[in-house]
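Here is the structure we will look at, set down as C-alpha cells.
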Amino acid sequence: MDYARCRVSAKHPFRRAVEERDEAAIQAILADDVVFTSPVAFKPYVGKPITAAILRGVLRVFEDFHYVREIGDGNGRDHALVFETGVAGAPGVKITGCDFLHFNDDGLIDDFMVMVRPLSGATALSEAMAAQFDRIQQEAVELANQFATA
C-alpha cells in the first residue's frame, strides 16, 4: 500500500479552530440541528446553541489539550480526531479521547460524539463540566438569541 497517498496534507478546519481556541470558527462549522453526544451525559444535546456553549465550557476545562491523530474517510463526511488533555482542578489526571464528527451535505457538523478514557478522567471531566453547567445553559440562551438575529 502507498501510505504516502493516505497522508492528510492540511489540518481539518474543526481541528484548526479548536487548537486555535477560535469560538467563532467552531460555531460556524456546526449545523443548526447538530446532535452532540457527551461522554458524561446520558442523553444527547440537540442544537447549535447548546453544543456551542458546551464546547466553550470544554475549552475552559481542558488543560494542555492537543490532537494527536486525525482520521478521515474517503468521502470526507466522517472524521475522527484523537486528543489528549488534562482537566482543570484535577492534577495528574490525563484523558485520551476522540471527537467523532459527521458532516452534512453543506459541510457542517450534524453529529458530534465524544468518547474519553480512563474512567478517572471521565469522572474528573464530568465534575468539572457539572460545576459550570449553569453558565453553559446561560451561554446557550445567549447564543440562541445571537443566532436568531444573525
Worksheet item: Antiparallel DSSP bridges in the chain: what percent, to the nearest 5?
Response: 90
Response to the item:
Of the range 90-122, those with amide N under 14 Å from the point 7 Å along the Cα→Cβ vector of residue 70 are 99, 101
Discussion item. Can you tell me the length gained on complete extension of the stretch residue 141 to residue 77, counting 0.36 nm per residue apart and subtracting the Cα distance?
Written reply: 20.1 nm
Discussion item. Using amide H atoms built in the peptide plane, which far-off residues or other-chain residues are under 5 Å from residue 83 H to H?
Written reply: 68, 97, 98, 99
Item to complete: Give me the distance between the Cα centres of the range 75-150 and the range 20-55, rounded to whole Å.
Response: 7
Worksheet item: Only one of the listed values, [x] 37, 34, 24; [y] 65, 37, 23; [z] 50, 43, 27, was derived from the coordinates as Cα extents along the principal axes in Å; which label is it?
Response: [z]
Worksheet entry | Using θ = phi - 60° and Karplus 6.51 cos²θ - 1.76 cosθ + 1.60, couplings along the range 57-69 (whole Hz; Gly, Pro as x) | x, 4, 4, 6, 8, 6, 10, 6, 6, 7, 7, 10, 7
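Coordinate-derived values only; no laboratory data. Please read all numbers here as calculations on a predicted model, not as lab measurements. Counting neighbours? That spans all protein chains shown, and the Cβs are built from the backbone with ideal geometry, glycine included.
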